[in-house]
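Some notes on the structure that comes next.
Rule-based calculations on the coordinates, nothing more; no lab input. Remember, it's a predicted structure, so these values are computed and weren't measured experimentally. Heads up, the Cβs are rebuilt from the backbone with ideal geometry, glycines too, and the neighbour counts pull from every protein chain shown.
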């Protein structure tokens, strides 16, 4: 196994639209993120393809952050002493989760796969070139694209192309429960996953029970790390501050759940306690830190993923701040 790095990170700026990285609100948000002891940000943004069966990925000039926006955010991060993992994402404009982007496996569908990978490779190559120019310290080449992951040779070709452009470490963000389906992890430097594992058995569950439910996950991921000889990073992990969300940490829609910073704090603490000292584990990019933060007095009613002003922030600081 390669020597283990360790990423004390957070995803920053998701949902940003064109020009929003350059606002005073966004700059202040990044400063407050730095105060958590974070050393890295995953600078994550998206553009679109028309639907899950489209073979063409386009840049939405009215929505997607521009290269100028990205350069501004990277400079701001570096001025604060933060390192950057650039994480461009493709979403489907029809509203269907990107995991379903793809085509049938039969031979007749191969021309569609070829066209899609040509477009996606161009998309990632563009940001690989930008990451190299801006000195981004890591590049994530994809996120939760489950249906494409069986196309092993096409992913390997893409990775080879990206390595000819970008000289830093490469990671891919698989989805929880699907990590074992990515045979081309061996071509990357790190294994990434969205670790939204439902570790609470009931709303308001105890931290001890959450830790017990993390253990089989830890054992599975340790085995995966040994198989490929690569460290594992939680490229996404988190839980909303709402009662019941640790039973479904991926949830971002159920407004009927009551506020509970305790449930979020227990999720954070259980994950940190379970994985922090594992020799094969290489850190966290928590989901997520908004570039438009609420006022501190509103922290006790916000039911989102943000931890600013909540108990989970203090727990994270106890690990991140040396």
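Quick notes on this one:
- Filter pass, residue 109 being surrounded by fewer than 22 Cβ atoms within 10 Å (Cβ to Cβ) and touching a helix residue (DSSP H, G or I) at 6+ places or on another chain (Cβ under 7 Å): no
- Scanning region 56-79 for residues that are over 17 Å from residue 151 (Cβ atoms) and crowded, with 16+ Cβ neighbours inside 10 Å yields 64, 65, 69, 70, 72, 73, 74, 76, 77.
- Residues of region 16-35 that are within 14 Å of residue 290 (Cα to Cα), in contact with a helix residue (DSSP H, G or I) (Cβ under 8 Å, 6 or more places away or on another chain) and in a loop (DSSP other than H, G, I, E, B): 16 alone.
- Restricting attention to region 1-16 and to residues that are over 18 Å from the mean Cα position of the chain (by Cα) and touching a residue at least 12 places away in the same chain (Cβ under 8 Å), the residue that is nearest to residue 65 (Cα to Cα) turns out to be 4.
- The listed residues are 63, 120, and the only one of them that is within 21 Å of the chain's Cα centre (by Cα) and part of a helix (DSSP H, G or I) turns out to be 120.
- Within region 255-284, residues that are at positive phi and touching a residue at least 12 places away in the same chain (Cβ under 8 Å) sit with their Cβ atoms under 7 Å from residues that are in a strand (DSSP E or B) and surrounded by fewer than 21 Cβ atoms within 10 Å (Cβ to Cβ), at 6+ positions apart or across chains, in these pairs: 283/8.
- Among all residues of region 210-228, there is at least one that is part of a helix (DSSP H, G or I), without any contact (Cβ under 8 Å) to a residue 24 or more places away in the chain and more than 23 Å from the chain's Cα centre (by Cα).
- Single match in 149, 208, 132, 179 (criterion: touching a strand residue (DSSP E or B) at 6+ places or on another chain (Cβ under 9 Å) and under 30 Å from residue 244 (Cα atoms)): 179
- Criterion applied to 291, 316 was being under 18 Å from residue 33 (Cα atoms) and part of a loop (DSSP other than H, G, I, E, B), and the one residue passing it is 291.
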